[in-house]
1. All other residues with a Cβ under 15 Å from the Cβ of Thr83 taken together, and with Lys, Arg as +1 and Asp, Glu as -1, what is their net charge?
2. With runs of 4+ DSSP H residues as the only contributors, calculate the mean residue ellipticity of the chain at 222 nm using -39,500 (n - 2.57) per run, divided by the residue total and rounded to the nearest 500.
3. Glu182 to Val7: extension gain in nm, 0.36 nm per residue of separation minus the Cα-Cα distance?
4. Could you state how much accessible area Glu297 has, in square angstrom rounded to the nearest 10, with a 1.4 Å probe and all protein chains kept in place?
5. Taking only C-alpha pairs under 8 Å that are 6+ residues apart, what is the relative contact order of the range 1-121 in percent?
6. Tell me the net charge near Leu157. Cut-off is 14 Å between Cβ atoms, Leu157 excluded, with +1 for each Lys or Arg and -1 for each Asp or Glu.
7. Just check the range 289-390 against the gyration tensor rule for me: Cα atoms, a ≥ b ≥ c as the square roots of the eigenvalues, rounded for a/c under 1.5, and otherwise prolate or oblate depending on whether a/b exceeds b/c.
8. Over the chain, with every protein chain in place, what whole percent of the accessible area is carbon and sulfur at 1.4 Å, could you tell me?
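The values are calculated or read from the model by the stated rules, or taken from the named source; none is laboratory data. Every value quoted in this text rests on a predicted model; they were computed, and no experiment measured them. Glycine gets a Cβ as well: all are built from the backbone with ideal geometry, and neighbour counts include every protein chain shown. Ligands, DNA and RNA are stripped out before the accessible areas are found, and what is left, the full protein with its side chains, is counted by its heavy atoms. Shrake-Rupley method; radii C 1.70, N 1.55, O 1.52, S 1.80 Å.
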Amino acid sequence: MIIKPKVRGFICTNAHPAGCAASVAEQIDYVRQQGDLGEGPKNVLVIGCSTGYGLASRITSAFGYGAKTLGVCFEKEPSERKTATAGWYNTAAFHQQAAEAGLYAETLNGDAFSDEMKQQVIEKIKQDLGTVDLVIYSLASPRRTDPKTGVTYKSTLKPVGQSYTTKTYDTDKDLVHDVTLEPANDDEILNTIKVMGGEDWELWMDALVEAGVVAEGCKTTAYTYIGKALTWPIYGQATIGKAKEDLDRAAASINGKYSSLLVDAHVSSLKALVTQASSAIPVMPLYISLIYKVMKEEGTHEGCIEQIFGLFNGCLYGDAPTLDEKNRYRMDGKETNDATQAKIQALWDQVTQDTFHELSDYAGYNHEFLKLFGFDIDSVDYEQDVDPLVGW
Ligand code: NAD
């Protein structure tokens, strides 16, 4: 099959196996180049392991610290006529490289919100690992079915309290325009908290502890984005921000409940970057195109793997972690500091349809977007016939 990108709005509906493998290999190389990292995790569970920040966490655990990794993801397998999702191919590439390096890797593909998946994971840990000493919670999903009630909740990306008019960039039409986002009602806020809040993270930790598969001193972290004034109306203080606040509650609850096991739970705040999840959020493509421009000029630009390597090395397994007043690890300082934000705000104020490509790094954004699906990578020959039926 000759595979070329099929972009529909903010998503690409196919993926390239060789391109995904190349981008996984690039992240592995980055981690390997960091040298001896010292003490770190040994048996790691990554919930949301196949793309974005979760994949980078798995790569850092395995190739940085030599850890055994058990991953959970929700990806579509390939058929003769249709490619798999990018996360499927990333996972296949990860498994291949792990096998070559003699590293244990297992992945369970299915709904992480379900009780069934939690039970499958527990069985796998009992069978292969005994216990886990690090649990990464990196899910990004538009919906969640509550395993206790069977009710399906859907998240919304809306402001809270009042409507909000702002600039946005339509990647399909190459158009900068104003958009007015109507405020969410109470039901939409509650639904979003049900999907992206801390309830499921806590259910995971409850199930793992109850099954006796959590090692003493186990660390766990869930990822958040906090951002600054420019994104607060649509993120930090919006429906998704309300859900993310619930992660702070969950972290405190996990720490309280499992203090006798010395479980150490933190929310980790990471920088904004292009992933399948962030490209779906209104305003984010414009904001990220501008921060790429500013941060590349400042020499502070980082992708998923640099951020996660920094989190592990500096916070999770470092001597002097950057913590904020809510006990969160902060890895977003290079984006959210006042000087950088002032430069981004100045560009934001100036940007129009005519100046967008000059003032922003949309080329960089678009390259990273295509790369998520294994496209636009120099080392890959996209004219080559490839077999989409890749697995692990
Ligand atoms: P992503 O879309 O790249 O990854 C999501 C992962 O979740 C994938 O592995 C996917 O397979 C898995 N997943 C989704 N639904 C699932 C389900 N029902 N069962 C099992 N697996 C499922 O997203 P990302 O951007 O890496 O986001 C991960 C976390 O990081 C999120 O909590 C997000 O809010 C946070 N974060 C993202 C950014 C950003 O800019 N992208 C910034 C800071 C924090």
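1. For residues surrounding Thr83, the net value is +1.
2. Helix contribution divided over all residues of the chain: -11000 deg cm²/dmol.
3. This chain segment gains 60.3 nm when fully extended.
4. 140
5. 26
6. Net local charge, Leu157 excluded: +3.
7. It comes out oblate by the Cα gyration axes.
8. Of the solvent-accessible surface of the chain, carbon and sulfur hold 49 percent.
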